[in-house]
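In what follows, a single structure is set out as structure tokens and then discussed.
Bear in mind these aren't lab numbers, they're just calculated from the coordinates by the rules spelled out. Just so it is clear, the structure is predicted and the values come from calculations on it, not from any experiment. Heads up, the Cβs are rebuilt from the backbone with ideal geometry, glycines too, and the neighbour counts pull from every protein chain shown.
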């Protein structure tokens, strides 16, 4: 996720955004951003350290925004100048090419939140795990599954992220979205086209989530804490935590589990370069030996091909491949909220 993260950011199959100008001037663009918006920028910033997979080449120009004012301003700035723009969240659910990403990459760190009765209103750069703990302390239940989502709120809304029998669609009241024409709209959940790990935002990559409101229910904080502890324990027992990964690699096919299909073919432990199919959870590919983005993508393709050949089932990647890939055409630049891990519900698989 991810907002492809997301997240995220995203995504393969997304509509092609406005094309970049023939020439991109990172020096002049960075100077203008710093002068007009007050956000510092850096050139040729390695992006691997901003992703949970820990792979990826440089961004032509990179910036971090810390509030909604900066996020709005930098997105509008890029659009007005037809600059390729990629918005990252926490960098989960994405694999960035070894050659990096052209144009401007913005990491969203807008993390403000408020509580209004049973409504939790939170900015899109907030980590879902932190959202889960904030609402627990406030005595509100319903967002516990967010503890298992390693991405941001924006990425979670973008992907309809979910885990442990909960998902965004089940609790979202509304989302404030910056539309392609530069205006803002408060969209109720019913207008976001939520489906399994999908939303209208995936089909409209120029729409950027600014903040979201979740409708929760009152509960005893210690009781909520017990549920959070159960989720933590389940993750420790069933997922390869502490090792670079992008979360669940493939979406679950209808009526089945991607992890089960991969495991049944004996693919746990398969490696390509520095990437490995996790021995602990077959639907995780881990970068356990400091591999490259090409290693990861190649292994994803190998696993998908093996499952297709053996079962006739075509697994769809949950992870998003961003940037310039030497193996083929350049992936489209996207405006997204890189998604967090969108599916952690396969017990033991």
Legend entry - R0 of 25 Å, Cβ-Cβ distance residue 309-residue 279: FRET efficiency to nearest 0.05: 0.65
Inset, instruction - Could I have the simple spin-label model distance between residue 36 and residue 289, label points 7 Å from Cα toward Cβ, reported in nm to one decimal? - result: 4.8 nm
Inset, instruction - Find how much the distance from residue 316 to residue 165 grows on full extension, using 0.36 nm per residue of separation minus their present alpha carbon separation; answer in nm with one decimal. - result: 52.3 nm
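For the chain, what does -39500 (n - 2.57) per DSSP helix run (n ≥ 4), summed and divided by total residues, give at 222 nm, in deg cm²/dmol to the nearest 500? Don't skip to the end; give the middle numbers.
Working: 8 runs with 89 residues, N = 349.
It comes out at -7500 deg cm²/dmol, rounded to the nearest 500.
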Legend entry - Anisotropy class of segment 113-221 from Cα gyration tensor, a/c 1.5 cut: prolate
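Give me 164, 69 sorted ascending by neighbouring Cβ count inside 10 Å, so fewest comes first.
Going from least to most buried by this count: 69, 164.
Report the gain in length on full extension from residue 99 to residue 67: 0.36 nm times residue separation, minus Cα-Cα distance, nm rounded to one decimal. Intermediate results must be reported in sequence, preceding the final value.
On the way: separation 32, 0.36 × 32 = 11.52 nm, distance 2.92 nm.
Extra length available between residue 99 and residue 67 comes to 8.6 nm.
What list do you get for 144, 173 if you sort them by fewest beta carbons within 10 Å?
On the way: 144 25, 173 16.
Ascending number of Cβ neighbours within 10 Å: 173, 144.
Please work out how much length the chain gains when fully extended from residue 186 to residue 302, using 0.36 nm per residue of separation minus the C-alpha to C-alpha distance, in nm with one decimal. Don't jump to the answer; show the numbers that get you there.
On the way: separation 116, 0.36 × 116 = 41.76 nm, distance 4.19 nm.
Value of the extension gain: 37.6 nm.
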Legend entry - Residue exposure sequence - 149, 74 - by fewest surrounding Cβ within 10 Å: 74, 149
Inset, instruction - Would you indicate which of (1) -0.27, -0.84, -1.39; (2) -0.26, -0.78, -1.20; (3) -0.32, -0.93, -1.38 is the value of log10 I(q)/I(0) by the Debye sum over Cα atoms at q = 0.07, 0.12, 0.15 Å⁻¹ derived from the coordinates of this structure? - result: (2)
